[in-house]
């Protein structure tokens, strides 16, 4: 991306009502634009981060044989009425609207009901099971307050996966596979070290669910962890009964705050029973399908990564999600000529700051945008046949020969 | 894709209320699922078609230097009130909803107002112009009737591009580039031959806009074209005054029906003036930004392509948008073994029908799904070191040596 040709620019100030660090920084760095509290547009750099997060999740889910679909936001009340979840008294974050031709619709805050309902068309026999289906889809939640930037949106992007099984054992097996896939995903996103699988409350059909909590100071959840964080509980299940069950002592646990970036849940019959999702088993008996659901907050992850790594100079992106890996600046005639040449050969990886502005401003923008590596080529570095390479995360500065730089950019 | 592992199956019947050919066929072939009139889910094969269409559009727009973003569905009334378009009396297809914290919101039927409003942050000087920004985004339109399948959705996917200029000449120049890009896009989508650029009504600031109309019997627009279709008018501008302006005779024009797959519009000051989108020119004068907008109906295109090519056996996809290029069937022990081997090497291009079902059913599904080429490998074809290759579009059948097949699949 050539900055001189892009419409984005960094901003001196975030919107006055933007109190969250992630929201303020991402707006200032030109990654997102605030439409209203909890509702943000994704600008070119922000959209690239989102797409990078999606790609990592997609790859790991496809390895499990999950199939990608895309369901609708507009929701017919019928399947939701069968589970009792259309009533505002049960689910208080619905956005509702009316059809001109008559009738109330909802905007999906999640998709258990429509996916369960839809699969009645596709599941009839044990031969159709197991199966697992996911989507990256915009969810709508009518939050009373939305002051956490993109950590809690009224309109936000979620990956939701649903699995369908003919037995509890098969559900358990797949659930364990998703646990592993989620750990791989958070590792690849650069937050594996600070993201913990946490016991959380279950439902009618299962005692616990699991959340993946990334430790950040502004996380909305209170969690308790033991010394090596091998055992972590959400506050909602951190009580004497549970401690006794796990045979652990309250005194060995420390309190901290986490942001829930994923959750996995053994639903069993919670939705398949009221919605009548059944299959015929080998003995010709009609049985209710076992279900699991598995979410990851995609846009929330962008906010969590921002909160986790940003410093006083701005954003810091892990390489795997960074919109571009390099930020290139040419200084002087020869430096600029060389920079032009390098950019033309590696456009996909580089933000090229070819704007007519002061070097100090360019360096400040490179830091604010959080691009992993800054490359500077000047007449001085060229006199050593080299470029300067600065790591955003560590600040480490090194000279790299043009030959090595070419090889690095070519991925060698 | 291994059909035995996929949740999709073809259906004997479409929903009873599905009267449109495109809707009925796409549901039966397992590409989409109907939630309600005008509201459809995209299943794995349907989503692949949508992604293929998006990729072609994205490539052509990126060549023009357009930047991709993603705006929100939820809309603050304020910018729409400035143009008078929030009132239901002006725009009668709004879905509206209410914030729990108070206030009415709309679900965007289009995005001229929010993009114009947003760019007030990013445009201040003539140096910031020109620029062009696009998105693939879900639009909501509260249509009173929605009986045309995915040709007219209440929730549908659109590509909308907006351009911003410091002069009318620059707008004209970019508009001409988009015209060419649109022609390339429709060519690549396989409908170039039957898609015509059509004069349609303009607005306050321009006499005409242009539509791209694909000739299909169920198209909602009435259009008039001359002999070689070099001059085409939408009915709304086909009158004596216009005919005189173009110096042509009504008698030389034939009436037909088209589906609007794209439109391009010189907006000039229509939105920039009421929303106050200005720039400072070289002489330090504040001037209003010139704008253009350019739409393509992405999900509609999937319906138009269906209507255009489908026959009595089912769908027929042009190669460029087909979810997979090949449909593979193995017959007999050796044939199945060889098919397994070929599938394992080229999974991305192949639907492998490895289900335990009759050959006739497999062939019928291959036709219903409209996959461009069916490959059959049997003990008989293997005795000639060959496979049978059948074109879905032409029905042409040929034997291909396994060596040539391997080269074809490898893209050589």
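No lab work stands behind these numbers, since they all come straight from the coordinates. Quantities reported herein were computed from a predicted structural model and do not represent experimental measurements. When we count neighbours, we look across all protein chains shown, and the Cβ atoms used for this are built from the backbone with ideal geometry, even at glycine.
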Open item on the list: Counting only Cα atoms, I'd like the Rg/Rh figure for the range B:154-282, Kirkwood definition for Rh.
Closed with: 1.00
Task: Shielding score for A:34-42, defined as the mean number of other chain Cβ atoms within 10 Å - done: 6
Task: Rg and Dmax of the protein assembly as shown, Cα atoms only, in Å - done: 28.1, 93
Open item on the list: With the cut-off at 1.5 for a/c, could you classify the range B:247-405 from its C-alpha gyration tensor as rounded, prolate or oblate?
Closed with: prolate
Open item on the list: 7 Å along Cα→Cβ for the label point: how many nanometres lie between residue A:127 and each equivalent label in the other copies, listed shortest first?
Closed with: 7.0
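Name the shape class, rounded, prolate or oblate, that the alpha-carbon gyration tensor gives for the range B:3-309, where a ≥ b ≥ c are the square roots of its eigenvalues, rounded holds for a/c under 1.5, and otherwise prolate holds if a/b is larger than b/c and oblate otherwise.
oblate
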Task: Highest average packing first - B:393-404, A:316-327, Cβ atoms within 10 Å - done: A:316-327, B:393-404
- [ ] Place the label 7 angstrom along Cα→C-beta at residue A:281 and in each other copy, then list the distances from the first to the rest in nm, shortest first.
- [x] 8.0
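What does the extension gain come out to for residue A:404 and residue A:319, with contour length at 0.36 nm per residue minus their alpha carbon separation?
Separation in residues times 0.36 nm, less the Cα-Cα distance, equals 28.7 nm.
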TODO: Please identify, among B:122, B:175, B:271, the residue showing maximal mean-square fluctuation in a Gaussian network model of chain B using a 10 angstrom Cα cutoff.
DONE: B:122
- [ ] For the range A:326-409, just say rounded, prolate or oblate: build the C-alpha gyration tensor, square-root its eigenvalues into a ≥ b ≥ c, call rounded for a/c under 1.5, and beyond that prolate if a/b exceeds b/c, oblate if not.
- [x] rounded
TODO: For residue A:124 paired with residue B:222, estimate the spin-label separation in nm (one decimal), with each label point 7 Å from Cα along the Cα-to-Cβ line.
DONE: 4.5
TODO: Determine which residues of the range B:187-226 fall in the zone a paramagnetic label at residue B:269 would reach in this model, i.e. backbone nitrogen under 11 Å from the point 7 Å along Cα→Cβ.
DONE: B:205
TODO: Return, ordered by residue number, the residues of the range A:189-211 whose backbone nitrogen is under 18 Å from a label point located 7 Å along Cα→Cβ of residue A:257.
DONE: A:194-196
Task: Along each principal axis, Cα extent of the range A:35-151, largest first, Å - done: 48, 39, 26
- [ ] Compute the acute angle (0 to 90°) between the alpha-carbon long axis of helix B:332-345 and the principal axis of greatest extent of the alpha-carbon atoms of chain B; round to the nearest 10°.
- [x] 30
Task: Most mobile listed residue (B:260, B:51, B:282) in chain B, GNM with C-alpha springs under 10 Å - done: B:282
Open item on the list: Please report Rg (one decimal) and Dmax (integer) in Å for the Cα set of the range B:130-227.
Closed with: 15.5, 43
Task: Where rotation carries B onto A, the chain B residue whose Cβ is nearest that axis, in whole Å - done: B:97, 2
- [ ] Could you order peptides B:301-307, A:141-147 by the average number of other Cβ atoms within 10 Å of their residues, highest first?
- [x] B:301-307, A:141-147
TODO: Please give the direction-averaged projected area of the C-alpha convex hull for the range A:1-62, in square nanometres with one decimal.
DONE: 5.3
Open item on the list: Using Cβ contacts closer than 10 Å as the measure, can you line up B:386, B:101 from fewest to most?
Closed with: B:101, B:386
Open item on the list: Below 8 Å between Cα atoms, with a sequence gap of 6+, how large is the relative contact order for the range A:8-309 in percent?
Closed with: 20
Task: For A:108-119, mean number of other protein chain Cβ atoms within 10 Å - done: 1
Open item on the list: Can you give the Rg/Rh ratio of the range B:370-412, where Rg is from the C-alpha atoms and Rh is the Kirkwood radius?
Closed with: 0.98
Open item on the list: Based on alpha-carbon centroids, what's the gap between the range A:14-43 and the range A:348-375 in Å, whole number please?
Closed with: 21
- [ ] For the range A:145-296, calculate the relative contact order in percent as a whole number, restricting contacts to Cα pairs under 8 Å that are 6 or more residues apart.
- [x] 29
Open item on the list: Assume the label is 7 Å from Cα along Cα to beta carbon: what separations in nm does residue B:104 have to the matching positions in the other copies?
Closed with: 1.9
Task: Listed residues A:270, A:180, A:16, most fluctuating in chain A (Gaussian network, C-alpha, under 10 Å) - done: A:16
Task: Alpha-carbon Debye profile of the range A:195-241, log10 I(q)/I(0) at 0.33 Å⁻¹ - done: -1.32
Open item on the list: If I fit a long axis through the Cα atoms of helix A:298-309 and take the longest principal axis of the Cα atoms of chain A, what angle between them do I get, 0 to 90°, rounded to 10?
Closed with: 50
- [ ] Could you work out, residue by residue across B:22-28, how many beta carbons of other chains sit within 10 Å of that residue's beta carbon, and then give the average as an integer?
- [x] 0
Open item on the list: Given the DSSP H assignment, sum -39500 (n - 2.57) over each helix run of at least 4 residues in chain B and divide by its residue total; what's the result at 222 nm in deg cm²/dmol, nearest 500?
Closed with: -8500 deg cm²/dmol
- [ ] Considering only DSSP beta bridges where both residues belong to the range B:3-309, give the percentage that are antiparallel (nearest 5).
- [x] 95
